[in-house]
1. Looking only at the range 96-126, which residues are outside any loop (DSSP other than H, G, I, E, B) and either within 17 Å of LEU213 (Cβ to Cβ) or polar (S, T, N, Q) (or both)?
2. Only residues that are within 16 Å of ligand 1 (Cβ to nearest atom) and open to solvent by 20 Å² or more (accessible area, probe 1.4 Å): list them for the range 111-165, please.
3. For the range 346-370, give me each residue that is within 12 Å of THR391 (Cβ to Cβ) and of a type in the set (A, V, I, L, M).
4. List every residue pair whose Cβ atoms lie under 7 Å apart, where the two residues are 6 or more positions apart in sequence or sit on different chains, the first residue falls within the range 359-378 and is within 24 Å of GLU199 (Cα to Cα), and the second residue, located anywhere, is in a strand (DSSP E or B) and open to solvent by 60 Å² or more (accessible area, probe 1.4 Å).
5. Among the listed residues ALA284, ALA277, ALA356, which satisfies the condition of being under 29 Å from LEU396 (Cα atoms), in a helix (DSSP H, G or I) and open to solvent by 30 Å² or more (accessible area, probe 1.4 Å)?
6. Please go through (1) within 16 Å of ligand 2 (Cβ to nearest atom); (2) open to solvent by 40 Å² or more (accessible area, probe 1.4 Å); (3) without any contact (Cβ under 8 Å) to a residue 40 or more places away in the chain; (4) among the β-branched types (Val, Ile, Thr) for THR11 and return the number of the only condition it doesn't satisfy.
7. Please determine whether any residue of the range 216-233 is within 16 Å of ligand 3 (Cβ to nearest atom), open to solvent by 50 Å² or more (accessible area, probe 1.4 Å), of a type outside the set (Ser, Thr, Tyr) and not in a loop (DSSP other than H, G, I, E, B).
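The values are calculated or read from the model by the stated rules, or taken from the named source; none is laboratory data. These numbers come from a predicted model, not from an experiment. Cβ placement follows ideal geometry from the backbone for every residue including glycine, while neighbour counts extend to all protein chains displayed. Remember, those area values only see protein heavy atoms, side chains included, never the ligands or the DNA or RNA. Shrake-Rupley method; radii C 1.70, N 1.55, O 1.52, S 1.80 Å.
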Amino acid sequence: MAIVVQKYGGTSVGNTKRLQNVAKRVVATSDRGNSVVVVVSALGDTTDELIRQAHAINAKPPEREFDVLLSTGEQMSSALLAMAIDALGHPAISFTGAQVGIMTDATHTKARIVEVRAKRIKEELDRGRIVIVAGFQGVTPDEDITTLGRGGSDTTAVALAAQLGADVCEVYTDVEGIFTADPRLVPKARKLAEVSYDEMLEMAATGARVLQLRSVEYARNNKVTLHVRSSFSDEDGTIVKEGDESMEQAIISGVTHDSGEAKVTILGVPDKPGVAASVFRVLADRTVNVDMIIQNVSEQGFTDISFTLAKEDLSRAKDAVADVVAQLGAKGASYDEDIAKVTLVGAGMRTHPGVAATMFEVLASNGINIEMISTSSIKISCVIAAEHVGTAVQALHEKFGLAGE
Ligand code: ADP
Ligand code: ASP
Ligand code: MG
């Protein structure tokens with residue numbers, strides 16, 4: 001029997017009717033002769049609501065307790081889905097991440113999966129049950145509950161698919177697949193039939209939140225094929241897999257944007273060996289992930305260092321930056337939360353000159369100033385003022401001819 005792993009996102013299980021719709025799909029997949037493992041997200045915006053409640057009680061909630069709280073969202077939806085499947089007359093059983101042995105490190109709020117012990121899942125599948133697993137969570141060897149970072153149910157699904165040797169990991173969401181840009185921002189965006197892991201990694205890393213970045217890394221490392229599709233239709237979605245010759249090598253596959261980052265500048269840092277190392281060591285020790293980094297040309301032995309990071313890490317970073325400023329005798333620090341990053345992603349840009357020049361021309365002709373630039377062999381990102389993000393994405397999408405017919 002083929003094993004199929006299906007993951008349903010928050011909108012797909014947003015209310016009773018939608019849960020029942022998911023239950024029907026799951027049972028239909030089982031009736032076609034598959035062993036089915038389902039990973040669910042919390043209902044609708046439950047996770048946001050739980051975060052609000054935590055912050056209403058404590059401005060800096062202890063991270064261990066934060067994870068205990070957040071994991072309950074998925075525990076609730078998994079039990080409700082098992083009930084909905086039972087109501088259709090099919091046996092089902094729900095589990096938390098801990099119960100099915102999703103072992104993680106102890107980095108609360110963004111833990112990494114280190115091992116999956118799927119013994120219990122296999123036993124239940126052998127009994128003919130549909131297995132529902134609460135997404136986004138795991139447990140440390142010390143038995144503390146952890147969560148995997150926003151969007152982490154995607155990673156739960158991929159990790160289970162890898163461990164169980166599933167034929168496919170289907171990620172059901174509220175759009176029909178991976179598009180050339182966020183379809184909510186660019187109505188003309190086109191659905192892609194296939195995307196390579198490498199392109200998807202860049203898209204996920206630069207704001208296409210349709211798949212969590214870690215889930216794509218995990219899929220690539222374990223060769224899990226993903227099928228991203230809508231829970232509201234039967235249309236095929238987008239296949240994410242290893243790139244090969246048969247795949248279209250578009251110059252640009254997509255334009256992504258991310259309004260979730262902030263920019264930090266440390267001003268007047270002495271320009272000598274070891275300074276950048278000590279700045280980023282302090283941040284790393286507080287598990288702040290830094291994205292882009294720019295060090296300016298030095299003037300009279302002093303320089304400015306700017307970097308971007310997730311807005312949610314900003315308050316933690318501010319404490320670290322204050323220490324760094326004091327330690328290094330820097331002149332101070334400034335913070336800008338009104339930024340956005342726009343990115344062009346495409347495997348074909350490796351062999352095609354002029355993409356960066358065209359991107360900068362498009363931004364310039366729309367009166368948009370570029371604050372930071374970063375590139376890899378298959379992407380170019382620019383940080384701009386947040387207010388211009390819609391214009392920038394639309395104009396780039398147009399200029400690179402990404403719209404459908
Ligand atoms: P889920 O709750 O199913 O996990 P998410 O909200 O995490 O769903 O991800 C789906 C959303 O990702 C879509 O509603 C869409 O607005 C957004 N998105 C951003 N960029 C893209 C893209 N390039 N293609 C598809 N969706 C995208
Ligand atoms: N519920 C979690 C979140 O909102 C995890 C997920 O949906 O994947 O981020
Ligand atoms: Mg998601």
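1. Of the range 96-126, the ones outside any loop (DSSP other than H, G, I, E, B) are 102-104, 113-116, 119-126.
Residues satisfying the conditions are THR104, ILE113.
2. Correct list: ARG150, GLY151.
3. Pass one, the range 346-370, residues within 12 Å of THR391 (Cβ to Cβ): 362-363, 365-368.
Passing the criteria: VAL362, LEU363, ILE368.
4. From the range 359-378, no pairs qualify.
5. Numbers: ALA284 fails: under 29 Å from LEU396 (Cα atoms); ALA277 fails: under 29 Å from LEU396 (Cα atoms).
Of the residues listed, the single one that is under 29 Å from LEU396 (Cα atoms), in a helix (DSSP H, G or I) and open to solvent by 30 Å² or more (accessible area, probe 1.4 Å) is ALA356.
6. (3)
7. Of the residues in the range 216-233, the ones within 16 Å of ligand 3 (Cβ to nearest atom) are 216-219, 226-232.
From the residues that got through so far, the ones that are open to solvent by 50 Å² or more (accessible area, probe 1.4 Å) too are 217-218, 232.
Those left that are additionally of a type outside the set (Ser, Thr, Tyr): 217, 232.
Among the residues that remain, those that are also not in a loop (DSSP other than H, G, I, E, B) are: 217.
Looking through the range 216-233, at least one residue is within 16 Å of ligand 3 (Cβ to nearest atom), open to solvent by 50 Å² or more (accessible area, probe 1.4 Å), of a type outside the set (Ser, Thr, Tyr) and not in a loop (DSSP other than H, G, I, E, B).
Yes/no matrix, rows are residues, columns are (1) away from ligand 2 (no atom under 14 Å from the Cβ); (2) outside any helix (DSSP H, G or I); (3) open to solvent by less than 80 Å² (accessible area, probe 1.4 Å):
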residue	(1), (2), (3)
VAL38	no, yes, yes
LEU50	no, no, yes
VAL68	yes, no, yes
MET76	no, no, no
ILE85	yes, no, yes
